[in-house]
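Have a look at the structure below, then the notes.
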Amino acid sequence: MDDGLLTPQARDRLTTVCRTAAGDSLRSLTYFNRFDYEQVYLREDLRQDADLSSFIGNEWHDFKTTQDAYRGSELGDYRYTIRVFDNGYLVRITTEDTGVFVTTDGITMQDFEALSAAVTEVLGNWMVDE
């Protein structure tokens, strides 16, 4: 569903921070909340045929389950999830109310850390601005 959950400025900001962290390895970027989603970026060499609604349902549910399961553990607070696939990676970064999943080609752990930090800051700033 691409019904304008984000302003053009917010889409540009999110795309910029993800492109900065992942470079040309960035495949796609999708913003979501519990009820809706918006694909913000899709690299031009990829087809737009993924079932994003299924991804969103899974990622939202899994975020809540993971957050609850590890709350209070010696590992500390949950920060983000990396999923590894044959053709790339999916990184889920979420707050209590919104989230982003980013797909990439191979990047380093430091790139994942930078991506997570940048997206978390952007999402956090939106919450303060609202």
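A few notes on this one:
- Its Cα centre serving as origin, the chain has a Cβ charge dipole (Lys and Arg +1, Asp and Glu -1) of approximately 160 debye.
- Taken one residue at a time, the phi angles of segment 71-87 give Karplus couplings (6.51, -1.76, 1.60, θ = phi - 60°) of 4, x, 7, 5, 6, x, 6, 5, 10, 6, 10, 10, 10, 10, 10, 4, 10 Hz. Gly and Pro are set to x.
- Amide H to amide H, with H built 1.01 Å from N, Val40 comes under 5 Å of Leu29, Thr30, Tyr31, counting only residues 5 or more places away or on other chains.
- In segment 20-111, the chymotrypsin sites (Phe, Trp or Tyr not before Pro) that fall in loop regions by DSSP, at most 13 other Cβ within 10 Å: Phe35
- Average projection area in nm² (convex hull over Cα atoms of the chain, one quarter of hull surface): 8.2 nm²
- Across the chain, Cα pairs under 8 Å and at least six residues apart give a relative contact order of 29 percent.
- Just checking the listed ones, Thr108, Thr66, Thr15: in the Gaussian network model of the chain with Cα springs under 10 Å, the one fluctuating most is Thr108.
Readers should treat all values here as calculations from the given coordinates under stated rules, not as data from a laboratory. From a predicted model like this one, the values you see are computed outputs, not experimental measurements. Because the Cβ atoms are built from the backbone with ideal geometry, glycine has one as well, and the counts that use them run over all protein chains shown.
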